[in-house]
Amino acid sequence: MDKNILIAEKLLDSDRGLFYRKAAALSKFYETVDLPIYEGKPLYPSGKMNTVNYINNMVVDLSALDEYSKNYITSNFCRWYSSVPHEHAVGGNMYTHSMPHYERVLKDGFLSYYSRIEKIADKDLQEGLKLLLDGIKIFVGRCVSYLEDVNADKKLISALKKVPMHPAENIYEAVVCWNFVLYLDGCDNLGCVADGLLPYFDGENVTELLANLFENIDINNGWSMSLSNVYNPLTLQCLEAAKGRRRPMIELFVDENTPDEIWEKAFSLVRGSTGQPAFYNPKLLNGLKERFDVRKEDLKKFCGGGCTESMFAGLSNVGSLDAGINLLLIFEKCLNDNLENCADFNEFYDMYIDSVEKTVEIVTEEVSLSQQKRSEYNPLPMRTLLVDDCIDNGLDYNNGGARYQWSIINFSGLINVIDSLLIVKDLVFTNKKYTPEEFLIKLKDSSEDFVKELRNHNKCYGIDDCEVNAFSNQLSTCIFSMLEGRKTYFGQGFIPASIQFMSQAMAGKNIGATPDGRKKGMPVCDSLGAVFAKDNKGYTALLKSVTSLDLKTALGVPVFNFNITPDFKNEILKSIILTYMELGGIQMQITCVTAEMLEKAYENPDLYKNLVVRVGGYSEYFSRLDDEIKRVVINRTIQTPLKK
């Protein structure tokens with residue numbers, strides 16, 4: 001019988017609950033899934049594998065089924081449910097990254113999970129998880145038998161006879177186990193590798209093993225890993241293993257106490273045109289601790305899921321990103337509906353703020369409703385198995401089981417709105433160069449001369465203008481604070497972020513021309529970056545503009561793309577990063593490339609296939625980007641060292 005039909009039979013067993021049926025189907029999946037080919041790599045599995053979708057844990061190819069089975073499974077299992085308005089789903093729509101509690105599997109082994117599962121009162125949950133563990137056990141055995149048949153490395157075979165079912169005892173077994181759990185979880189995020197492997201480390205050089213681990217997450221389009229500011233020798237090995245790779249995207253916490261060897265290794269990666277690593281401010285951890293009462297011992301397990309979304313590895317169910325409020329779309333509607341009727345700028349500004357607040361209320365209510373529906377219709381057995389405290393709470397991952405739960409709301413187009421409001425204030429209300437009617441007509445026509453006037457306006461974000469900085473702080477504080485006190489269905493509430501990637505192009509498609517100088521249909525701003533190369537006063541001015549925003553509350557995390565030429569000296573680059581952190585910056589990701597190289601890569605992509613740039617919160621091969629996003633990257637201001 002076709003293996004997809006075998007799996008579907010488990011989903012169609014209407015006598016059991018959704019969790020049990022999905023767990024049974026997952027178990028059957030691991031009993032029948034095609035094993036990846038062994039290619040002599042140090043780790044197994046390696047390379048591309050038919051992993052499970054980590055949002056809904058679907059495991060079956062619907063094309064092999066009859067129409068009744070297709071319809072039944074689609075209506076009952078192939079959804080995670082979202083009622084968030086589509087126009088305010090910029091960058092995410094009830095999207096949930098996660099990472100397993102790798103360290104627990106290494107320390108305890110999966111066999112120890114059975115006794116914990118036995119204590120669960122819910123029989124569907126209990127028996128489903130035991131079935132899933134049975135399937136994993138069979139899958140491990142199948143892998144070992146296959147490796148023996150192809151005369152694989154005996155050391156690898158020996159390790160997989162122990163892990164992940166039994167605890168790891170040395171660094172080799174620990175890395176083999178970490179890799180195996182990564183594949184079980186769909187190759188999403190790697191968690192806190194250096195810290196998690198440290199108990200098994202005895203001075204060995206495991207760079208080759210780590211490089212294979214990183215290659216596996218890269219080839220499967222996985223995402224991030226974190227290196228805390230509590231450094232150990234594995235920190236350097238992780239950085240070395242990341243050379244030449246776009247993924248995993250490394251989140252490196254730095255401060256004035258960071259050792260020189262860490263800085264030097266990090267900067268060698270930065271200059272290698274891989275977009276690695278991103279630099280993080282440890283003060284972010286204090287903010288999360290205060291906001292969500294995070295246990296002190298859990299703070300070292302911070303890992304940004306996906307791009308940069310704040311969570312704690314193996315302990316979190318964080319909506320990332322649950323929604324993305326399109327601030328510029330709201331602005332355009334407010335501009336066209338209200339500008340002609342406003343007596344002064346303050347009246348127009350208040351109308352815009354009121355429109356944003358109403359949208360925030362709608363979106364957050366829909367997120368909460370969607371969480372409720374997801375708890376009813378989309379149980380996630382694998383996440384429930386791998387994320388604490390689901391088993392000990394006796395609750396599904398999507399039904400409130402995880403230790404930490406909050407929702408991240410992305411705010412899109414903030415910088416466009418700042419510049420647009422300032423220009424409306426100046427040209428329409430203060431200097432009265434245009435009447436409201438004239439301004440709207442000229443904006444709609446968007447002649448080259450008018451667009452040039454807007455883009456050259458002397459009041460703009462990115463140049464460290466005191467008036468603009470004060471206004472940026474006022475607006476961002478007002479908008480970010482709109483999430484305070486709003487309740488999620490599960491968890492501790494909402495936090496803001498600003499993470500634009502490919503979404504910045506889609507977000508601008510249905511927005512007309514705007515007063516910041518953006519033409520109709522063009523992308524919105526690049527997260528916290530200035531628009532249209534207006535940041536032309538040097539990097540110090542740019543840093544002060546970015547940190548004028550209310551970043552201390554944007555715990556989601558807000559992304560800052562910093563683009564430099566390769567001729568920055570290490571000590572200057574270190575000073576820039578630490579200054580940014582001292583001013584309140586949370587995250588900085590660096591693309592080190594010249595404008596000439598980007599233009600050449602645009603014209604001859606085959607010659608620059610290994611060129612990696614930072615886009616929003618993630619790193620990507622420049623050649624893989626859509627043409628529109630390539631132009632966004634090319635048009636960024638590339639900072640150069642200050643001349644003496």
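The values are calculated or read from the model by the stated rules, or taken from the named source; none is laboratory data. Note that the structure is a prediction, hence the values are computed from the model and not measured. Cβ coordinates were reconstructed from backbone atoms using ideal geometry, including for glycine residues, and neighbour counts include every protein chain displayed. Surface accessibility is based on the protein's heavy atoms, side chains included, excluding ligands, DNA and RNA. Shrake-Rupley method; radii C 1.70, N 1.55, O 1.52, S 1.80 Å.
The mean accessible area for residues of the chain, using a 1.4 Å probe and ignoring ligands and nucleic acids, is 37 Å² per residue.
Using a 1.4 Å probe on the protein heavy atoms, what percent of the accessible area of segment 168-263 belongs to carbon and sulfur? Let's see the in-between values first.
Values: 1250 of 2780 Å².
That fraction is 45 percent.
Annotation: Glu628 carries an accessible surface of approximately 60 Å², with a 1.4 Å probe and no ligand, DNA or RNA atoms counted. Between Thr594 and Thr435, the distance separating the two model label sites (each 7 Å from Cα on the Cα→Cβ line) works out to 5.3 nm. For segment 77-127, the dipole from Cβ point charges (+1 on Lys and Arg, -1 on Asp and Glu) about the Cα centre works out to 100 debye, to the nearest 20. Per residue, the convex hull spanned by the Cα atoms of segment 451-568 amounts to 142 cubic angstrom. Distance between the modelled labels on Asn393 and Ser447, one decimal in nanometres: 6.1 nm (7 Å Cα→Cβ projection). When all alpha carbon pairs of the chain are counted in 10 Å bins from zero, the resulting P(r) reads 3, 16, 25, 25, 18, 9, 3, 0, 0 %. Surface composition of segment 285-399: carbon and sulfur make up 40 percent of the accessible area, probe 1.4 Å. Rounded to the nearest 20 debye, the dipole size of the chain about its Cα centre is 560 debye, using +1 on the Cβ of Lys and Arg and -1 on the Cβ of Asp and Glu. Candidates Thr488, Ile418, Thr540 compared by Cα position along the dipole of the chain: farthest toward the positive end lies Thr540, with charges placed on Cβ. Each Lys and Arg adds +1 at its Cβ and each Asp and Glu adds -1 at its Cβ; summed about the Cα centre, segment 390-488 shows a dipole of about 200 debye. Near Lys283, which lysines are there with a Cα under 16 Å away, not counting those fewer than 8 places off in the same chain? Cα-Cα hits under 16 Å: Lys296, Lys300, Lys301, Lys552.
Between Gly186 and Val52, the built amide H atoms are under 5 Å apart, and every one of these is 5 or more places off in sequence or on another chain.
Share of carbon and sulfur in the accessible area of segment 432-574 stands at 53%, probe radius 1.4 Å. Please compute the length gained on full extension between Asn570 and Lys552, using 0.36 nm multiplied by the number of residues separating them and subtracting their Cα-Cα distance. Computed gain between Asn570 and Lys552 is 3.7 nm. Pairs over the 19 Å Cα-Cα cut-off, from the set Lys265/Lys574; Lys569/Lys609; Lys433/Lys509; Lys265/Lys609; Lys41/Lys161; Lys137/Lys161: Lys569/Lys609; Lys433/Lys509; Lys265/Lys609. Around Lys600, what is the net charge, scoring Lys/Arg as +1 and Asp/Glu as -1 over all other residues with Cβ under 13 Å from its Cβ? Neighbourhood net charge equals -2.
Under 12 Å of direct C-alpha separation, and excluding same-chain neighbours fewer than eight residues apart, Lys459 reaches these aspartates and glutamates: Asp419, Asp426, Glu467, Asp516, Asp535.
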